[in-house]
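To start, the structure under review is shown below, and the notes come after it.
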Amino acid sequence: MPPEVVDLPGFTILKKLGVGARSTIYLAKDDQTNSQIALKRAILERPEDTRIFEQIENEYKIAQQVDHPYIRKCYKLIKRRKLLKVNELLMSMEYFEGETLENYRGLSLIDCCLVFRMVATALNAMHAKGYIHCDLKPNNIMINKEGQIRIIDLGQGCKIGTIKTRIQGTPDYIAPEQVRRHRLDYRTDVFNLGATMYWAFTGKNVPTLIPQNNSGLTIASLTGVAAEVRSPSQIQPKINPGISKLIMECVNEDPLRRPSNMSDIISRLDLLIHSIFGNKIKANGTASPANT
């Protein structure tokens, strides 16, 4: 595939990787370091584009504070000006060749548990630095052929305790406190993680206050509550009861009734992994596939 003809001094564009919300991501070579990177580019074309500028700058700021092997690194932020006004942003990032969890296929039950243990470990590192992700979802978890992961897109992240002025999040994974614009903390990430696990193990989305899909569920208004949630084991009877219980606790509407922190989730996943793996050895068979 020939490289897209884009003149970006300091970088050699190899190909376009994708198009996001008012931004384009390229596979490129940083001419200064001679390393292969992912390059996010956003151009100010209309007033609402300022939001993507804010998110890119926010992602870069948080990435500089959180250095973890499971979180995608951001290297450089370059601002370009026209008539003294910033009209273009470039951010170079770690290039991670893989698929999003949304598109990944073939994970076994135990593999799914291991992936989510890694995700919880990364989020725990963010929390230790005083930040939360606020937009964890299958599309923001990347997996490569070796089973390594990266959490991407920190653009909606914020400091623990933030009260946002507008609703931010992805409808099918958004926590009630995000919709109601209440104080956000680590338990917001717990809900987002639980909603992602719910989808991964059942193939369905947990009811939220503002769902995006057409599942047919009846959802209350923003001032009400989400529809009654069926447990994963009710949807898929073969799902381990312990996994189902953990997911249901994570997506509890009341933040105080969710697991207290990511360390708690990691410990419980460890017990579940050991239990499932032990049973697998006894049965000398293969764990049941997760519906991903």
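The values are calculated or read from the model by the stated rules, or taken from the named source; none is laboratory data. Given the structure is predicted, the values throughout are model-derived calculations rather than measurements. All Cβ positions, even for glycine, are placed from backbone atoms using ideal geometry, and neighbour counts span all protein chains on display.
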Worksheet entry | Considering residues of the range 146-162 that are part of a loop (DSSP other than H, G, I, E, B) and among the hydrophobic types (A, V, I, L, M, F, W, C) only, the residue surrounded by the fewest Cβ atoms within 10 Å (Cβ to Cβ) | I160
Worksheet item: If you scan the range 1-26, which residues turn out to be touching a residue at least 24 places away in the same chain (Cβ under 8 Å), surrounded by fewer than 18 Cβ atoms within 10 Å (Cβ to Cβ) and assigned to a strand (DSSP E or B)?
Response: I13
Discussion item. For the condition under 20 Å from G169 (Cα atoms) and in contact with a Phe, Trp or Tyr (Cβ under 6 Å, 6 or more places away or on another chain), what is the one hit in I62, I37, I13, I71?
Written reply: I62
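Residues checked against (1) touching a residue at least 12 places away in the same chain (Cβ under 8 Å); (2) in the same structural domain as M118 (by TED's automatic domain parsing); (3) part of a helix (DSSP H, G or I); (4) over 14 Å from the mean Cα position of the chain (by Cα):
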position	(1), (2), (3), (4)
T165	yes, yes, no, yes
D172	yes, yes, yes, no
Q178	yes, yes, yes, yes
V190	yes, yes, yes, no
Fill in: Those strands (runs of 3 or more DSSP E) lying entirely in the range 35-138 with at least 1 residues β-branched (V, I, T) and surrounded by fewer than 14 Cβ atoms within 10 Å (Cβ to Cβ)
85-94
